[in-house]
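Accompanying notes for the structure given below.
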Amino acid sequence: MAHVMWVRLAIGVAAMVWTCGCSPSPPLPASGGGASSGSAIELQQFEFGGDFALGDLPRRFALAEHRGEVVLLFFGYTYCPDICPTTLGTIARAQDLLGADRARSFAAFVSVDPGRDTPARLAEYTAHFGVRGIGVTGSKTEIDALVQQYNAYYEIQASASAMGYTVDHTSRIFLIDGAGKVRYLFRSTDRAEDIAAGVRALLHPPVS
């Protein structure tokens, strides 16, 4: 019988960011981000998040080492049948839309499936989508702590599929500024243009 992993942190309804990745999604929170097509990106401030490091060299990611860059953080796993490949493709397109600013954006794809997602598999997976970024994971203890730190969620689901179990997971994209603060939560269905606009808003803040 598959072992079920459940990680959940509730900081209040306004801060909740659940959106399951590979199963029917629960209702979206009343607030917390997500761009609508053609709408302006209104940057926000969140209490959750902060610095973290995962992996070993040469496949190591430390948020503190990306000061001055805008980081797009996404939780998922390489065996994900739908949300993860679609979202990584959207992130790659958003980075392409940035032009010269692409060099100041970085995508961190954090696998919540360390049992199957080896560093080599994650490297191949992220390279396939052409993102400027890294795929990284850690031990279950490290992943659980990070998921709680970012008020996220994942749960392993038993499956009769030949591919093995599936994983429900938060499908939001965390927009993190150059100081390491979460400033926006994109839905996985948001357009590449919206995500690029969010990155530009952090890289080129209006002069007051």
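The phi-based Karplus calculation (6.51 cos²θ - 1.76 cosθ + 1.60; θ = phi - 60°) puts the 3J(HN,Hα) values of region 57-72 at 4, x, 9, 10, 10, 10, 4, 5, 7, 10, 4, x, 9, 9, 10, 9 Hz, whole numbers, x for Gly and Pro.
Return the percentage of antiparallel bridges among DSSP beta bridges fully within region 76-193, rounded to the nearest 5 %. For region 76-193, the DSSP antiparallel bridge percentage is about 60.
The trypsin sites (Lys or Arg not before Pro) of region 51-146 that DSSP puts in a loop, and whose beta carbon has at most 12 other beta carbons within 10 Å, are R67.
Amide H to amide H distances under 5 Å link G133 with A107, where only residues 5 or more positions off or on other chains count and H is placed in the peptide plane. Taking amide hydrogens as placed 1.01 Å from N in the peptide plane, the amide H of Q157 sits under 5 Å from those of T166, V167, D168, each at least 5 positions away in sequence or on another chain. Kirkwood analysis of the Cα pair distances in region 117-159 returns a hydrodynamic radius of 12.0 Å. Along its three principal directions, the equivalent ellipsoid of region 73-144 from the Cα gyration tensor extends over semi-axes of 22, 12, 10 Å, largest first. Once the chain from A53 to D96 is taken as fully extended at 0.36 nm per residue, the excess over their C-alpha distance is 12.9 nm.
In terms of other Cβ atoms within 10 Å, H66, H204 run from fewest to most in the order H204, H66.
Couplings for region 97-112, taken from phi via the Karplus curve 6.51 cos²θ - 1.76 cosθ + 1.60 with θ = phi - 60°, read 5, 6, x, 5, 6, 4, 5, 10, 10, 8, 9, 10, 9, 9, 7, 9 Hz in order; Gly and Pro are left as x.
No value in this document is a laboratory result; all are computed from the given coordinates. This one's a predicted model, so the numbers in the text were calculated from it and none came from an experiment. Here Cβ is always computed from backbone atoms with ideal geometry, including for glycine, and neighbour counts include all displayed protein chains.
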